[in-house]
Amino acid sequence: MEKLSAILEALILSSESPLSLEKICAALGSEDKKEIRRALENLIAQYDERESGICIQEVAGGFQFRTRPEMASWIKKLKGVKPASLSPAAMETLAIVAYRQPIVKSEIESIRGVDVSAPLKGLLDKKLVRILGRKDVPGKPIIYGTTKKFLEVFNLKELSDLPTMRELRELTETQEAPEQEILSFEELPEGTPGAEMPKAPDPSSASEEVRVEAPPEDDFAAGADGQEEPEVERDPEEDDVS
């Protein structure tokens, strides 16, 4: 196809959200996904080679134009405002939902040890968390999960790109460890504690399988214990997020 790169650029730029490979193929009237993906990869490489201020990234199950991270300081000067941020409570709540979804409010509170009504409502308002349905247990508590926007904000292709528990533990240990001479494993004496790194659990195995019962439209307000849950608008485009 002539000028395929130019067409791909136009399609991705005109899309308000990451454009999936399936939608690109549908717009082009082509069923050859391999050919389109190769063209996309070549286009991405071209932007990388010329070190442009913008790039094409694969995030949230699609392709999107983005500014490069090293341009952040200049963009902040142009915008003149601080980027949006999340409170520690909201970040903790979001992390629990991301790793343990599908999850209900009572389970989040059991992990955090505090009420999560306020941070959960804030995450719903920011469309980082969405309602998946209701758990098939007494009380029919609302089930929560992350959204497509969550993947966009945190620059993830899919949920499996989240760092593992082992990677998080190693990062924490690196930040907390005092400055000292670094030894390789070969230099450690036999029997040294920590010479062997234990295998971290798979975070995806933490969530038990549940049956999700789709709630009626007028029934989203009731929570697990009969208390009022935050009312939110559901984004129909989020329904295809895994």
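The values are calculated or read from the model by the stated rules, or taken from the named source; none is laboratory data. Keep in mind the model is a prediction, meaning the values are calculated, not measured. All Cβ positions, glycine included, derive from the backbone under ideal geometry; neighbour counts span all protein chains shown.
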Quick one: how many residues across the stretch 1-27 are free of Cβ contacts under 8 Å to residues at least 12 places away in the same chain, closer than 17 Å to GLY62 by Cβ and in a helix (DSSP H, G or I)?
5
For the stretch 28-55, give me the residue count where each residue is exposed (fewer than 13 other Cβ atoms within 10 Å of the Cβ), assigned to a helix (DSSP H, G or I) and either in contact with a Leu (Cβ under 8 Å, 6 or more places away or on another chain) or of a type in the set (Gly, Ala, Ser) (or both).
2
Condition first: within 22 Å of the chain's Cα centre (by Cα) and farther than 24 Å from ASP125 by Cβ. Now tell me which residues in the stretch 67-90 satisfy that.
THR67, ARG68, PRO69, GLU70, ALA72
Over the stretch 72-89, the set of residues surrounded by 12 or more Cβ atoms within 10 Å (Cβ to Cβ), at pLDDT 85 or above and in a helix (DSSP H, G or I) is ALA89
Lone unmet requirement of (1) farther than 24 Å from LEU19 by Cβ; (2) out of contact with any Gly (no Cβ under 7 Å at 6 or more places or on another chain); (3) surrounded by 15 or more Cβ atoms within 10 Å (Cβ to Cβ) for PHE150
(1)
Which residue, of LEU124, LEU128, is in contact (Cβ under 8 Å) with a residue 24 or more places away in the chain, surrounded by 22 or more Cβ atoms within 10 Å (Cβ to Cβ) and either hydrophobic (A, V, I, L, M, F, W, C) or touching a Cys at 6+ places or on another chain (Cβ under 9 Å) (or both)?
LEU128
